[in-house]
Structures are given as structure tokens and as C-alpha cells.
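Enquirer: I'd like to ask you about the structure that follows.
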């Protein structure tokens, strides 16, 4: 297929539908992943929480690709576009720093308020997608208005939430919490540049996340050792917290599930649309924070209205962006950006074209190797080992709401996974 041949409109519409559904599924799973970070309120150091989440992320980001596609497919992608390994590791470094900042934000201003603030990364996603990757080129005035108008609505919602946080956060920590949340958003917004480079070049999402986690784990280990004043002190904190470490590993696994859906959203609808769509996690964060953990209990009605109104306004903005789907003429601009990446890094044009069309370049699917099953077995053993010594944290939790939200996660996984398989075979 010629790299600049316009996709069949029906195929393009199907891919964009899968991308939109993936964005919604990402929002649900990414929102749930932050729930265990409430352990910071029990005195667990933020760097310990973030470090263990990253360990869970690392295990998931190697075992899931091994289970779904096999490591042979990952090696094929690296041979086609080896430069993307560096970009993936860089993105992982940015993620690790941003995730640590979110723990500090939650500690100071709470989950329900911090979530929408760091989701200002949507604005950067729109900016980088437009400036660097030809997104919104030839999209038409209505779609421009939908994307940028939605961005303005999200900014207004974030402002409402910042005002609410100043009234709710404890003794003088509101400004620090707001700053941490916004800084996390800036880092995550920049992290999406490597995402888009990867998918314009044709790399498979499961291959990209495997190398993403190398930079992620390296950076987080350095941060954890530094903040803990040495490896000995970090180990001591881990031993003291051993009964809750399983929940943090689980949070990392849940995050990976959400991030995989977000990767597919970024691939098929672009970062200027996919990232705002996945940022519906702000509403899921609000649900977990308010209904499961009782955040904002006892707050005045004004605080409730600002938090709820700000969240809904931001969600409305994200919805407007998501609905401004890319027409065929804009998608051709994406293909031009992909051709530019192909020429810059000497990547096979057929590989680039197949990746953008949601097709697998491998003619046959390799059988799982002993290495694949070893990765799955090791990850499973680590999770089971930590689960054996785990205890339910001493948090006030509404288990009815927790069960209901967990069922919603399973629903998104089944529906979203089925749609991806039918349309792309997870391509």
C-alpha cells in the first residue's frame, strides 16, 4: 500500500471508533489506578508508593506483551525502528517523575481535586499534535473549534478546581499540591510526543510500552533512592510497609491496562483527541475519591459545586475534542507526517503504512517461546508472593461503591478488548 494512499472511509471510521472507545476505557482504568495512592494518608512515603507502582508497571509491561504477542514480535518491531527504543525510554523517565509528583499532590489536596489539575496535559497534547504531527491540518473550522473550544472549557474547569482546592487542603499545603499536580500534567503532556512518533512510524503499542518501562524503572529507582537518603533507608521503608505493597503493585498493573488503551487511542485518533478523551479519568477519580474514600465529606456546598462543576466542565471540553473526529483529508496529513518520520529514520514505508492502518506486518504469528512463558510466570509469582503477606489497609472504604466501580472496569475491558481484536487483532 502506498504510504500516502488515503484509507478507505469505512476503515478509517472503524479505526477512529475503536480509538474513541479505547479512550473511554483508558479513562476508567487510569482513574482506578490512582485509588491505592490514598495509602499516603497512612504515612506511607510518596516515593515508596510511586516506586512500588512502577515495579507493578514493569512486571505488567513485559508480561502482557509476552502473553498477547510474544517477545519475537517485540524484537521484529525493534529491528524495524530501533530509534524508538530511546524515545520510549525517555517517555518512561518523564512518566516516573510525573507519577511521583501526583502522590505529593494527592497528599496535599486529595484525589478528587488533584486529578483534574494534572489533566491539563490535554492542552499540551493538542499543542504538540498540531505543531509537530500535522493533527488538525485540513480538519475544517468546526473541528478546530471543537478541539480548541474544548481545550478552553478544560482550562476553565481546572481553574474552578484550583479555587476549590485552596479551601479544602490542610494548613498551607494547597499551593504546593496545585503546583505538583500541574507540573505532573506538564510532564505527561510532553511525554505524548514519543507516543505519537512511535505510532506514526508504525510501532506496535505493546512493543512501545515494553521499552517505555526501562526508562520508567530506572528513573523511579534513582528518585526513590535519592528521596530516601540511600538504598538502605529505602529498603527499610519497604520492609515497614510490606503489608500494603501488594496494593501498590496492583495499582501499577491497573495503570498499565489503562495506559494500553490510551496508547491505542493515541494511535487511532491522535494525541490532540485521544489524550483528552482518556482524561475522562478525572470523573473516575472523582467517583473513587468522593464515594469510595469519602473525600470532601464535611466540606461546604460551595466546595462541592466547584469540584463537581469544574470536573463536568473539563469532561465536556474533552468530549467536544473527542467528537471532532479526523476526516480523510486530515488523516492524509498524518500519513505525510509518518512519511517524514520514515525518511528521517530510514524505516520501511510499508511498515509505517501498515501500522497506521491497524494492520500487523507479520505474515504469521509466532508461537509463544519459553521466554514468553517465563516472563508471565515470574510476574505472576511476584504478585502472588506479595498478596500472601498483604493486609487490607486501615482506610475508611465504601466497599459497595468499590465493587460497583470494579465491575465497570471489567465491562470496559471486555467491550474495549473485543472491539480492538475484531478491528485490528490488537494491531
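The values are calculated or read from the model by the stated rules, or taken from the named source; none is laboratory data. What you are looking at is a predicted structure, and each value in this text was computed from that prediction instead of being measured. Ideal geometry is used to build each Cβ from the backbone, glycine not excepted, and the neighbour counts take in all protein chains shown.
Enquirer: Out of all the residues in segment 13-32, is one or more surrounded by fewer than 24 Cβ atoms within 10 Å (Cβ to Cβ) and modelled with pLDDT under 85?
Expert: Kept after step one, since they are surrounded by fewer than 24 Cβ atoms within 10 Å (Cβ to Cβ), are these residues of segment 13-32: 13-18, 20-21, 24.
Pick out the ones that are also modelled with pLDDT under 85 and you get none.
Within segment 13-32, none of the residues are surrounded by fewer than 24 Cβ atoms within 10 Å (Cβ to Cβ) and modelled with pLDDT under 85.
Enquirer: Test of understanding: among 255, 284, which residue is under 14 Å from the mean Cα position of the chain (by Cα) and within 22 Å of residue 155 (Cα to Cα)?
Expert: 284
Enquirer: Quick check on my filter: what residues within segment 149-179 are over 17 Å from residue 280 (Cα atoms), surrounded by 15 or more Cβ atoms within 10 Å (Cβ to Cβ) and modelled with pLDDT of 80 or more?
Expert: 176, 177, 178, 179 - these are the residues of segment 149-179 that are over 17 Å from residue 280 (Cα atoms), surrounded by 15 or more Cβ atoms within 10 Å (Cβ to Cβ) and modelled with pLDDT of 80 or more.
Enquirer: Under 8 Å by Cβ, and 6 or more places apart or on different chains, what pairs join a residue from segment 63-74 that is touching a residue at least 24 places away in the same chain (Cβ under 8 Å) and on the phi > 0 side of the Ramachandran plot with one that is part of a helix (DSSP H, G or I) and surrounded by 21 or more Cβ atoms within 10 Å (Cβ to Cβ)?
Expert: Listed pairs, sorted by first residue: 70/372.
Enquirer: Do you know which residues across segment 77-126 are part of a helix (DSSP H, G or I) and free of Cβ contacts under 8 Å to residues at least 60 places away in the same chain? If you could, list the steps in order and put the result at the bottom.
Expert: Taking segment 77-126 first, the residues part of a helix (DSSP H, G or I) are 77-80, 83-109, 111-118, 121-126.
Correct list: 79, 86.
Enquirer: If you check 344, 332, which single one turns out to be out of contact with any strand residue (DSSP E or B) (no Cβ under 9 Å at 6 or more places or on another chain), surrounded by fewer than 21 Cβ atoms within 10 Å (Cβ to Cβ) and closer than 20 Å to residue 18 by Cα? Spell out the reasoning first.
Expert: Values: 344 fails: closer than 20 Å to residue 18 by Cα.
When all the criteria are applied, what remains is 332.
So that you can scan it fast, the table gives a plain yes or no per residue for (1) at pLDDT 90 or above; (2) buried (at least 20 other Cβ atoms within 10 Å of the Cβ); (3) part of a helix (DSSP H, G or I):
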residue: 1; (1), (2), (3): no, no, no
residue: 4; (1), (2), (3): no, no, no
residue: 11; (1), (2), (3): no, no, yes
residue: 58; (1), (2), (3): yes, yes, yes
residue: 67; (1), (2), (3): no, no, yes
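Enquirer: Among the residues of segment 334-352, write down those that are closer than 13 Å to residue 132 by Cβ, in contact with a helix residue (DSSP H, G or I) (Cβ under 9 Å, 6 or more places away or on another chain) and in contact (Cβ under 8 Å) with a residue 12 or more places away in the chain.
Expert: Selection gives 334, 337, 338, 341.
Enquirer: Looking at (1) at pLDDT below 85; (2) surrounded by fewer than 23 Cβ atoms within 10 Å (Cβ to Cβ); (3) part of a helix (DSSP H, G or I), which one does residue 311 not meet, given that it meets all the others?
Expert: Among (1) at pLDDT below 85; (2) surrounded by fewer than 23 Cβ atoms within 10 Å (Cβ to Cβ); (3) part of a helix (DSSP H, G or I), residue 311 violates only (2).
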